[in-house]
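Read through the structure below, which is laid out as C-alpha cells, and then see the notes.
The values are calculated or read from the model by the stated rules, or taken from the named source; none is laboratory data. What you see is a predicted model, and the numbers here were worked out from it, not measured in a lab. Every residue, glycine as well, gets a Cβ built from its backbone with ideal geometry; the counts of neighbours run over all protein chains shown.
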Amino acid sequence: MSKKLLSLEELLVREVQHTPVEYWPNLLQLVRLFRETVTLNPATQSFRQGWQETMSGQTQDIAHLWEGIDAE
C-alpha cells in the first residue's frame, strides 16, 4: 500500500474514532451510500439492468429526455 493511501486510511480511521459511537450506524450508512453512488457498475451488470428495464417497459420517449436541453 502506498504511503499516501496509508495516510488517507489513517486519517479516515481517526475521524471515525473521534466520532461518538452512537453515530457509527449512521456514519456506516453514509459511507456505504457514498461508495454505491461513486463506483461504476461493471459493463455487463449495467447492460443487464438496462436490458431488464427495457424489457419491462421502464422506458421514456426520447423527446421527453431532450426536454429542457438546449442543443444549439
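Check every one of the helices (runs of 4 or more DSSP H) wholly within the chain and list those with 1 or more residues that are charged (D, E, K, R). Break it down into steps so the answer makes sense when it comes.
Details: elements: 3-17, 24-38, 43-55, 62-66.
Answer list for the chain: 3-17, 24-38, 43-55.
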By residue number, the members of segment 32-58 that are surrounded by fewer than 10 Cβ atoms within 10 Å (Cβ to Cβ) and among the hydroxyl-bearing types (S, T, Y) are T37, T39, T44, S56
Examine segment 13-29 for a residue that is modelled with pLDDT under 85 and hydroxyl-bearing (S, T, Y), and state whether such a residue exists. no
